[in-house]
Amino acid sequence: MNPVTVDREVDARGLNCPLPILRTKKALNDMLSGQVLKVVATDPASQRDFQAFSRQTGNTLVDQSAANGEFVFLLRRK
């Protein structure tokens, strides 16, 4: 599998719902279709939130992972 090129990153560590999603939405609005946004969050609820956000907005959740209390999401702008 080819590594995904990240075009922009949002650091949402220490923020609770809904702030990680709001920052993600704002960042995606400034990006071009097909670009990839990396979001790093510490809120455990963000895992569920980003899956729902992807379904509702049509932006693709390319990957998500968790390690050391941090959750990383890669979203491709629709």
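The values are calculated or read from the model by the stated rules, or taken from the named source; none is laboratory data. None of the values given here were measured: they were computed from a predicted structure. Accessible surface areas use protein heavy atoms only, side chains included; no ligands, DNA or RNA. Shrake-Rupley method; radii C 1.70, N 1.55, O 1.52, S 1.80 Å.
Between amide H atoms placed 1.01 Å from N, distances below 5 Å from Thr60 occur with Arg76, Lys78, all of them 5 or more places distant or on a separate chain. With both residues required to sit in the chain, DSSP beta bridges show an antiparallel share near 70%.
Ligands, DNA and RNA left out, the accessible area of the chain computed with a 1.4 Å probe is 48% carbon and sulfur. Per residue, the chain exposes an accessible area of 61 Å² to a 1.4 Å probe, with every protein chain left in place. Rounded to the nearest Hz, the phi-derived 3J(HN,Hα) couplings of the stretch 59-71 under the Karplus curve 6.51 cos²θ - 1.76 cosθ + 1.60 (θ = phi - 60°) are 6, 7, 7, 5, 7, 8, 8, 9, 7, 6, x, 10, 10, where x marks glycine and proline.
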